[in-house]
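Inspection log for the structure reproduced underneath, given as structure tokens.
The values are calculated or read from the model by the stated rules, or taken from the named source; none is laboratory data. Note that this is a predicted model, so its numbers are computed, not measured. Ideal geometry is used to build each Cβ from the backbone, glycine not excepted, and the neighbour counts take in all protein chains shown. In case anyone asks, the SASA skips ligands and DNA or RNA and just uses the protein heavy atoms, side chains included. Shrake-Rupley method; radii C 1.70, N 1.55, O 1.52, S 1.80 Å.
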Amino acid sequence: MNNKRLTIAGKELSSRFFLGTGRYPNPFVQNEAIKASEAEVLTFAIRRVNLEAPTEDAILQHLEGMSFTYLPNTSGAKTAEEAVRIARLAKASGLSDWIKVEISVDEKTLLPDPIETLKATEVLVDEGFVVLPYTSDDPVLCKKLEQAGAAAVMPGGAPIGTGLGILNAYNLQLIVEQAEVPIIVDAGLGSAMDVAQAMELGADGVLMNTPVAKAKDPVKMAQAMKYAIDAGRLSYEAGRIQKKKYATASSGLPSFISN
């Protein structure tokens with residue numbers, strides 16, 4: 001692909017696919033899916049990692065020999081204070097100074113808490129973290145997170161793990177139009193169709209875990225998602241035709257008849 005590469009906090013990425021490392025049937029399938037995806041950024045919950053020996057952790061040790069940018073997340077945090085504490089622990093362990101702020105209060109929906117997410121983002125940006133907050137698809141909130149210093153903003157297409165796809169395409173398009181930082185669609189996608197739609201709406205990338213890890217064939221699904229990201233991005237850059245109420249002949253037949 002010849003499209004412009006994605007850049008976050010000065011780091012240039014050739015892939016627009018951010019992939020989670022949880023819920024795979026086994027480490028072998030996880031690694032094969034990661035390879036198929038060609039993702040360069042991997043995310044995982046900090047609470048699932050042994051911070052005293054991160055390179056020997058049950059999750060990360062299987063990635064030996066591969067080079068990635070790690071995006072640990074604060075999943076499990078219910079307040080800004082908890083998220084900040086978790087992020088500091090991850091950075092102190094040497095894992096990464098990139099952090100995905102994820103703060104949910106409602107166990108049923110796992111929707112992000114907007115107020116606590118903004119608070120945590122402000123604190124962590126001030127402390128020098130590269131902050132990528134997971135948030136709802138609220139254009140106003142996404143802009144405030146950007147203004148707070150987020151390196152990228154990650155609105156959900158739908159609640160985490162639901163596979164419902166893009167529930168509010170209008171909002172997502174507004175978020176993209178107003179943004180001056182990358183927009184990564186995070187959560188709720190289920191298929192390559194959902195991914196292509198997100199990219200055609202102008203998203204700069206997609207983060208997912210469950211749609212790949214819990215697919216019948218995670219490796220094939222990782223490859224499908226990769227192609228969907230590329231196709232959706234190319235379509236967005238090419239510029240789709242405008243939607244119209246009535247048909248327009250593509251053959252030019254009416255003009256021949258009139259002559």
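Starting from the stretch 91-140, pick out the GluC sites (Glu not before Pro) whose DSSP state is loop and whose Cβ has at most 10 other Cβ atoms within 10 Å.
Details: sites: GLU102, GLU107, GLU116, GLU122, GLU127; in loops: GLU102, GLU107, GLU127.
Passing sites in the stretch 91-140 are GLU107.
Averaging sequence separations of C-alpha pairs under 8 Å and six or more residues apart, then dividing by the length of the stretch 152-251, give the relative contact order as a whole percent.
Numbers: 145 pairs, mean separation 25.2, N = 100.
Normalised by residue count, the contact order of the stretch 152-251 is 25 percent.
If you put +1 on each Lys and Arg Cβ and -1 on each Asp and Glu Cβ, how big is the dipole of the chain around its Cα centre, in Debye rounded to 20?
Dipole size: approximately 820 debye.
Quote the relative contact order of the stretch 68-118 in percent (integer), defining contacts as alpha-carbon pairs under 8 Å separated by 6+ residues.
41
Show that you can apply the helix-only estimate: for the chain, add -39,500 (n - 2.57) for every DSSP H stretch of four or more residues, divide by all residues, and state [θ] at 222 nm to the nearest 500. List each step's numbers first, then the result.
Details: 9 runs with 96 residues, N = 259.
Taking each H run of at least 4 residues, the total per residue is -11000 deg cm²/dmol.
Give me the percent of the accessible area of the stretch 172-259 that comes from carbon and sulfur atoms, probe 1.4 Å, all protein chains in place.
That share works out to 55 percent.
Looking at the stretch 158-259, which chymotrypsin sites (Phe, Trp or Tyr not before Pro) are in a loop (DSSP not H, G, I, E or B) and have at most 16 other Cβ atoms within 10 Å? If you can, show how the numbers build up before the last one.
Working: sites: TYR170, TYR227, TYR236, TYR246, PHE256; in loops: TYR246.
Taking the stretch 158-259 and a limit of 16 other Cβ atoms within 10 Å, the loop chymotrypsin sites (Phe, Trp or Tyr not before Pro) found are TYR246.
In the stretch 159-259, what GluC sites (Glu not before Pro) fall in a loop by DSSP, with at most 11 other Cβ atoms inside 10 Å? Show your work: numbers first, answer last.
Numbers: sites: GLU177, GLU180, GLU200, GLU237; in loops: GLU180.
Sparse-neighbourhood loop GluC sites (Glu not before Pro): GLU180.
Can you list the residues, at least 5 places off or on another chain, whose amide H is less than 5 Å from the amide H of LEU71, using H built in the peptide plane?
Counting only residues 5 or more places away or on other chains, the set is LEU42, THR43, PHE44.
Provide the gained length on full extension for the span ALA169 to SER251, in nm with one decimal, where the gain is 0.36 nm per separating residue minus the Cα-Cα distance.
Numbers: separation 82, 0.36 × 82 = 29.52 nm, distance 3.23 nm.
Once the chain is fully extended between ALA169 and SER251, it gains 26.3 nm.
Treating cross-link reach as a plain straight distance, find the lysines whose alpha-carbon is under 22 Å from the alpha-carbon of LYS11, omitting any fewer than eight places away in the same chain.
Leaving aside lysines fewer than 8 places away in the same chain, those within reach of LYS11 are LYS35, LYS91, LYS100, LYS143, LYS226.
Do you know the relative contact order of the chain, to the nearest whole percent, from alpha carbon pairs under 8 angstrom that are 6+ apart?
On the way: 498 pairs, mean separation 46.8, N = 259.
Dividing the mean separation by the residue count of the chain yields 18 percent.
Roughly what % of DSSP beta bridges within the chain run antiparallel, to the nearest 5?
Values: 4 of 27 bridges.
So the antiparallel bridges in the chain amount to around 15 percent.
Give the longest segment of the chain that steers clear of trypsin sites (Lys or Arg not before Pro) in DSSP loops with at most 13 neighbouring Cβ atoms within 10 Å, not counting the sites themselves. If you can, show how the numbers build up before the last one.
Values: sites that count: LYS4, ARG5, ARG23, LYS108, LYS216, ARG240, LYS243, LYS244, LYS245.
It runs 109-215.
Could you compute the net charge surrounding SER136? Neighbours are other residues with a C-beta less than 11 Å from the C-beta of SER136; K and R count +1, D and E count -1. It would help to have the intermediate numbers written out before the result.
Working: positive: none; negative: ASP113, ASP137, ASP138, ASP186.
Surrounding charge for SER136 is -4.
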